[in-house]
Amino acid sequence: MEVKLWNDKREREMYDNFAELYAIIKATEKLEKAYVRDIISPSEYETECQKLIAHFKTLASTLKDTVPSIERFADTYKMDCPAAINRLVISGVPATVEHRAAASTMADPKIVAECTTNFITAMDVLKLNMVAVDQVHPVLSELSASLNKFAVLPPDFEGKTKMREWLSRLSKMSAADELTEQQARQLLFDLDSSFNSFMAALPNSGT
């Protein structure tokens, strides 16, 4: 007896998308392991990882109603892909970007200026009451990426961890969703606190 997974075109498209999501997560897991084992070069890894992240974000947005939780999707299909979930859902950037530690960037004034600008932009967005996910997520993503370029900051730096938490939270919402007044206020507080910590962490030019 033939068993059909779908009853109409809409259901068939949904299962096709499920299959694509499954493939992206599996591919990301293999890519992460290849990078850790030094099987692939950092530049090749970064290029491929950025492609997978971009495809994932597009597909996750399409499936936001049927797959509200990527972690639950992975558990349901027994995927066991912790590295992929971390890269796609929590981090949102390649490991090469997240852990960039070139000596030349230790106190690069361009990166300091970039981080400062991104902090101010993110805070200004909230002060202008631009609280939709598709308005907030891009500026936080830019801020997170710039902080990860700055090798002076430790991996557990307050700004890095808080931005990862907010990006993870926003990635589970739809683009048109808006932060509540309480959420916007908390995010603004976290940004201000992280900015103060960032300024305190800058190397003293006089020493």
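The values are calculated or read from the model by the stated rules, or taken from the named source; none is laboratory data. These numbers were taken from a predicted model, which means no experiment stands behind them. Cβ placement follows ideal geometry from the backbone for every residue including glycine, while neighbour counts extend to all protein chains displayed. For accessibility, only protein heavy atoms count, side chains too; no ligands or nucleic acids. Shrake-Rupley method; radii C 1.70, N 1.55, O 1.52, S 1.80 Å.
With both labels modelled 7 Å from their Cα along Cα-to-Cβ, the Ser43 to Lys57 distance reads 2.4 nm.
Residue separation of Asp156 and Tyr22 scaled by 0.36 nm, minus their Cα-Cα distance, works out to 45.2 nm of gained length. In the chain, the longest principal axis of the Cα atoms and the axis of helix 42-62 are about 60 degrees apart.
Treating the angle as unsigned and between 0 and 90°, give the value, to the nearest 10°, between the Cα long axis of helix 9-36 and the longest Cα principal axis of the chain. Roughly 50 degrees, rounded to the nearest 10. For the options Glu178, Glu11, Glu165, a Gaussian network treatment of the chain with springs between C-alpha atoms closer than 10 Å singles out Glu11 as fluctuating the most. For the residues Tyr35, Tyr15, Tyr45, a GNM of the chain with alpha-carbon springs under 10 Å puts the largest fluctuation on Tyr15. Counted residue by residue at 0.36 nm each, then reduced by the alpha carbon distance between them, the extension gain from Gln50 to Lys110 reaches 19.3 nm.
Alpha-carbon geometry of segment 135-192: the Rg and the Dmax are 11.8, 36 Å, given in that order. Once both axes come from the Cα atoms, what is the angle between helix 133-149 and the longest principal axis of the chain, in degrees from 0 to 90, rounded to 10? Tilt of helix 133-149: around 60 degrees.
The loop-placed trypsin sites (Lys or Arg not before Pro) in segment 1-99, going by DSSP, that have at most 14 neighbouring Cβ atoms within 10 Å of their Cβ come out as Lys4, Arg37, Lys78.
State which entries of Lys33/Lys57; Lys9/Lys162; Lys57/Lys149 exceed 30 angstrom in Cα-Cα distance in the structure shown.
Numbers: Lys33/Lys57 21 Å; Lys9/Lys162 42 Å; Lys57/Lys149 22 Å.
Violating the 30 Å Cα-Cα cut-off are Lys9/Lys162.
Surface exposure of the chain, expressed per residue as accessible area with a 1.4 Å probe, stands at 58 Å².
Dividing the summed -39500 (n - 2.57) terms of all DSSP H runs of n ≥ 4 by the residue count of the chain sets its mean residue ellipticity at 222 nm at -21500 deg cm²/dmol. Per-atom-type breakdown for segment 11-120 gives carbon and sulfur 56% of the accessible area (1.4 Å probe, protein chains only).
Semi-axes of the equivalent ellipsoid of segment 1-91 are 27, 13, 12 Å, computed as sqrt(5λ) over the eigenvalues of the C-alpha gyration tensor in descending order.
Each label was represented as a point 7 Å from its Cα along the Cα-to-Cβ direction; for Arg72 and Lys33 these points are 2.8 nm apart.
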